[in-house]
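Let me begin by presenting the structure, written as structure tokens, before commenting on it.
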Amino acid sequence: MFHFTTELMVPLVAGLALFLFGMKIVEWALYQWTGPALQQLLRRITHTPLRGLLVGTGTTALLQSSSAVTGITISLARSGLISLVSAIAIALGSNIGTCITAFIASFNCSRTSKMMAIGHFIFNIVGVLVILPFFNYFCKLVELTSNNILRQIANAHTLFNIYNVLLFIPFISTFTDLLGGDKFGID
């Protein structure tokens, strides 16, 4: 049985505090360095949902951390530099971009690992592609969840992942077969 001890809690709490402090510094820096040129660039690159998706995907692939991209997106939204619609598009894109980490991790691994990385990518890309035609409705639903833009962004991320799981539940057997589940004992 695993028990939390003081020896374990101190580094855990310190790590969380450092992460939150780092996000505050990023938010402060973004606020300080945003001139009209950067504001216009941010509006231009996230003007449409597709551009926002590409920004979220690319940034997450480069940073290899959807949490960092989500934190930066929340900081940008809090500072009023991007809209909720742009933030949601970036968050959805970060779900795709995070797949690069699984691909990199699977390079020198078994075929099963490679198939799981591909499955992760298919899961996220299909979810985004299916929601894209209903993106405006999804944003309106997210707006109803809270009056606080920070909570709305977090809720969008959560709602997307719940929706994605529900989307795939009817196709679990097919998806497992597609990934070679019978060959790897994933029945």
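The values are calculated or read from the model by the stated rules, or taken from the named source; none is laboratory data. These numbers come from a predicted model, not from an experiment. When we count neighbours, we look across all protein chains shown, and the Cβ atoms used for this are built from the backbone with ideal geometry, even at glycine.
Odds and ends about this structure:
- Check on residue 102, closer than 16 Å to residue 157 by Cβ and either part of a helix (DSSP H, G or I) or out of contact with any Phe, Trp or Tyr (no Cβ under 9 Å at 6 or more places or on another chain) (or both): no
- Check on residue 71, surrounded by fewer than 19 Cβ atoms within 10 Å (Cβ to Cβ), touching a residue at least 12 places away in the same chain (Cβ under 8 Å) and either at positive phi or in a helix (DSSP H, G or I) (or both): yes
- Residue tally, condition surrounded by 13 or more Cβ atoms within 10 Å (Cβ to Cβ) and at pLDDT 90 or above, over the stretch 159-187: 7
- For residue 82: the one exception among (1) buried (at least 19 other Cβ atoms within 10 Å of the Cβ); (2) part of a helix (DSSP H, G or I): (2)
- Some residue of the stretch 169-181 being closer than 25 Å to residue 54 by Cβ and touching a helix residue (DSSP H, G or I) at 6+ places or on another chain (Cβ under 9 Å): no
- Within the option set 90, 96, 125, being within 10 Å of the chain's Cα centre (by Cα), within 20 Å of residue 168 (Cβ to Cβ), in a helix (DSSP H, G or I) and modelled with pLDDT of 90 or more holds for one residue only, 96.
- Annotation: of all residues in the stretch 103-122 being buried (at least 17 other Cβ atoms within 10 Å of the Cβ) and touching a helix residue (DSSP H, G or I) at 6+ places or on another chain (Cβ under 6 Å), the one that is farthest from residue 59 (Cα to Cα) is 106.
- In the stretch 128-145, residue farthest from residue 169 (Cα to Cα) [restricted to those that are in contact (Cβ under 8 Å) with a residue 40 or more places away in the chain and surrounded by 15 or more Cβ atoms within 10 Å (Cβ to Cβ)]: 143
- Yes/no for residue 76 being at pLDDT below 85, of a type outside the set (Phe, Trp, Tyr), surrounded by 21 or more Cβ atoms within 10 Å (Cβ to Cβ) and over 14 Å from residue 157 (Cα atoms): yes
- From 132, 166, residue being assigned to a helix (DSSP H, G or I), out of contact with any Gly (no Cβ under 9 Å at 6 or more places or on another chain) and closer than 14 Å to residue 93 by Cα: 132
- Condition broken by residue 29, with the remaining ones in (1) under 23 Å from residue 144 (Cα atoms); (2) of a type in the set (Gly, Ala, Ser); (3) at pLDDT below 80 satisfied: (1)
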